[in-house]
């Protein structure tokens with residue numbers, strides 16, 4: 001009777017690893033946070049007659065929940081034109097800034113190379129133009145590649161496709177132009193630090 005009761009324990013002890021044993025993946029530590037900073041480019045499709053995009057900076061923080069899933073808080077500011085004038089027949093100096101949040105899926109692909117995809121939602125602001133409203137709900141998706149330099153440091157290149165709704169330049173409450181949807185391509189390259 002006693003030997004029959006101990007039989008399941010004997011079977012489990014043969015399968016369960018010892019306390020000191022390590023899994024194959026334990027050589028790569030799992031960090032809870034990642035911080036990214038990089039130089040970026042954004043098209044300027046919400047401004048009438050824009051000729052080019054803007055350069056600026058993108059910063060985001062990712063809270064990782066396990067090896068493959070994280071939540072991203074993304075902030076960007078684009079102010080410096082690729083060509084001048086940015087807007088044809090105008091001296092305007094537009095800018096675009098955004099704050100976006102969303103889920104991210106990331107994984108190691110091959111050796112030191114990894115990839116990620118994310119969906120983002122939040123708000124976007126167009127400055128330096130007479131747009132009313134100048135703030136819009138925004139959202140989109142993107143992804144990119146990453147090359148690991150050390151367990152904590154990597155180089156990351158990303159691209160996003162962000163949509164927002166802005167009215168035509170020169171709108172007022174009296175004119176009441178309705179907002180139109182515009183999509184901006186964004187790209188950035190920078191450094192990510194894990195901790």
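Worth a mention:
- Looking only at the range 63-77, residues that are surrounded by 19 or more Cβ atoms within 10 Å (Cβ to Cβ) and either modelled with pLDDT under 95 or more than 16 Å from the chain's Cα centre (by Cα) (or both) come to 0 in all.
- Filter pass, residue 115 being assigned to a strand (DSSP E or B) and closer than 18 Å to residue 164 by Cβ: no
- Taken together, 102, 111, 144, 115 contain a single residue that is free of Cβ contacts under 8 Å to residues at least 24 places away in the same chain and either surrounded by 16 or more Cβ atoms within 10 Å (Cβ to Cβ) or more than 21 Å from residue 56 (Cα to Cα) (or both), which is 111.
- For the range 45-57, the candidate set comprises residues that are part of a strand (DSSP E or B) and modelled with pLDDT of 80 or more; within that set, the residue that is farthest from residue 190 (Cα to Cα) is 54.
- Residue match in the range 88-98 (condition: assigned to a strand (DSSP E or B) and either exposed (fewer than 15 other Cβ atoms within 10 Å of the Cβ) or over 20 Å from the mean Cα position of the chain (by Cα) (or both)): no
- When residues in the range 168-195 are screened for being at pLDDT 70 or above and either closer than 30 Å to residue 147 by Cα or assigned to a loop (DSSP other than H, G, I, E, B) (or both), 13 of them pass.
- Checked against the criterion of being at pLDDT 90 or above and either over 22 Å from residue 147 (Cβ atoms) or assigned to a helix (DSSP H, G or I) (or both), the candidates 80, 36, 60 yield just one match: 80.
The values are calculated or read from the model by the stated rules, or taken from the named source; none is laboratory data. Computed from a predicted model, the values in this text were never measured in an experiment. Ideal geometry is used to build each Cβ from the backbone, glycine not excepted, and the neighbour counts take in all protein chains shown.
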